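Shown next, in structure tokens, is the structure this report addresses.
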Amino acid sequence: MWSDSPHSQLQNGLAISRRANLIQFLDPQEIAVPVLTESVLFEFGKALLAGGGATQEEATIVGRSLVDANLRGHDSHGVMRIPFYVKQVQEGRLTAGSNLTVEHETPATIVGDGHWGFGQVLSAQLMGKLMDKAAQVGIASGTLRRSAHIGRLGEYAEMATARGMAAIICANTHGAAQRVAPVGGKRPRLGTNPLCMGMPGGKDGPFVLDFGTSATAEGKVRVKKIAGQQVPLGWILDPEGKPTTDPNQLYGDPPGTILPMGGDQAYKGFGLAFMIEMLCGALSGGQCSYPNPPPPIGNCAFFIVIDPQQYAGYEHLRQEITQLEDYTRSVPLIDGASEVTLPGDPERRTLAKRRVDGIPIDDGNWKALLALANELKITAPQV
């Protein structure tokens, strides 16, 4: 736990691009774009969260979650979220200090209410309870409603795989943050509704598949918008339903939309999102999409945890996964391909690289973090 002031903690451990100086309250326009070490970014993010109203425990848990997302290449779920979280706290839409309330429980199920607390904290609390249940009865499921943004779903699958368990997790946007139009429509009706599956085993680590049911995560469009960059063609449509590379089109009035996953068969991606909407919003006692929603408020989520020991056994699972991985990776490669990519491979490659080379933060998002640091009177790292 963090017992010192943010200033002292930063002074004790900061190193950016192999340097360890500090600056305080400088104009964001004057700061170069950094590549930060894991520890530097964690301490800075933790200080911002605590300065913005999170408890010390929440700042540690959420800061760790965000930096882990950056380390794995999921920058849309990384520290760029901090200004949004702090704004939610300041506006009273995110309630710091909230913990999970279990409203209904059986040996294999939990219905949880998060009271609009930090989603990473609430989800970790729910996962801990579900893993304990799964160890007893084989499979456990739980729902979460009234949670602020829960972050990268893969984090919770990794919690399960670390205990030799499997997990399936999905989330909706509590009826708000509508970004995706149904096929044939030009106004959004659903969120990007991610789905994650994790299995223990694998030669280099667990297999974790974590993706939105849209062509891209909304956070990735936001990263491009803040950075002043274009998005790839095929991500979004403008308010008239025409392809565009301008991320600002998504946030206009009327808004544009993110395309469903699936390309020419986008009905598959939207259909999956539609089913997730019901699993999360309806089963949890939360909300599915509805007309005239408020600004983004958070998530409802549905979690399943499976203990292989209560089925065919972990050893059989391990043997079959090893055989499957070897067989799949042995396939003859097409011209120009150097390897087969399986779930979890991209994250492991990025993790290894960023732990050595550091975590890059684009210009727009770095300036947003510095502006928040200035506002909160938090010492910022120097590049």
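The values are calculated or read from the model by the stated rules, or taken from the named source; none is laboratory data. Because the structure is a prediction, the values reported are computed rather than measured. Here Cβ is always computed from backbone atoms with ideal geometry, including for glycine, and neighbour counts include all displayed protein chains. These accessible areas exclude ligands, DNA and RNA; they are computed on the full protein's heavy atoms, side chains included. Shrake-Rupley method; radii C 1.70, N 1.55, O 1.52, S 1.80 Å.
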- [ ] Determine the distance separating the Cα centre of the stretch 315-354 from the Cα centre of the stretch 130-153; give it in Å without decimals.
- [x] 27
TODO: Work out the length of the dipole vector of the stretch 69-145 about its Cα centre, built from +1 on the beta-carbon of each Lys and Arg and -1 on the beta-carbon of each Asp and Glu, and round it to the nearest 20 debye.
DONE: 200
TODO: Arrange the peptides 187-196, 306-315 so that the one whose residues have, on average, the most other Cβ atoms within 10 Å appears first.
DONE: 187-196, 306-315
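Considering only protein heavy atoms and a probe of 1.4 Å, how much of the accessible area of the chain is carbon and sulfur, as a whole percent?
So the carbon and sulfur contribution to the accessible surface is 55 percent.
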Open item on the list: Can you tally the net charge around P200? Count Lys and Arg as +1, Asp and Glu as -1, for every other residue whose Cβ sits under 13 Å from the Cβ of P200.
Closed with: -3
Task: Phi-based couplings in Hz for the stretch 99-110 (Karplus 6.51, -1.76, 1.60; Gly and Pro marked x) - done: 10, 5, 9, 8, 8, 8, 8, 10, x, 10, 9, 9
Open item on the list: Please report, ordered by residue number, every helix of the chain (full DSSP H runs) that is 15 Å or longer along its axis going by C-alpha atoms and whose mean Kyte-Doolittle hydropathy reaches -0.5.
Closed with: 38-51, 56-71, 119-137, 266-281, 363-376
TODO: Note down the relative contact order for the chain as a percent, whole number, built from C-alpha pairs under 8 angstrom at least six residues apart.
DONE: 24
Task: Surface accessible to a 1.4 Å probe, H77 within the full protein complex, Å² - done: 40
Task: Two-site label geometry, L342 and Y327: point separation in nm, points 7 Å out along Cα→Cβ - done: 1.2
- [ ] Compute the signed sum of charges (Lys and Arg +1, Asp and Glu -1) over the other residues within less than 12 Å, Cβ to Cβ, of A273.
- [x] +2
Task: Placed amide H near L36: partners under 5 Å, 5+ positions off or other chain - done: I359, I361
Open item on the list: Tell me the volume per residue, in Å³, of the convex hull enclosing the alpha carbons of the chain.
Closed with: 151
TODO: Hey, can you grab everything whose amide H is under 5 Å from the amide H of H174? Only 5+ residues off in sequence or another chain; H modelled, so Pro and N-termini drop out.
DONE: C300
Task: Rg/Rh (Cα only; Kirkwood hydrodynamic radius) as it applies to the stretch 102-178 - done: 0.96
TODO: Work through the residues other than G154 whose Cβ is under 10 Å from its Cβ and net out their charges, Lys, Arg +1 and Asp, Glu -1.
DONE: -3
- [ ] Amide H neighbours of W116 under 5 Å, at least 5 residues apart or on other chains, H built in the peptide plane: list them.
- [x] S147, A148
TODO: Show which lysines lie in cross-link reach of K377 when reach means a straight Cα distance below 20 angstrom and same-chain residues fewer than eight apart are skipped.
DONE: K46, K87, K367
Task: 1.4 Å probe accessible area per residue over the chain, in Å² - done: 44
Open item on the list: Using only the Cα atoms of the stretch 333-383, what semi-axes does the equivalent ellipsoid have when each is the square root of 5 times a gyration tensor eigenvalue? Give whole Å, largest first.
Closed with: 37, 11, 10
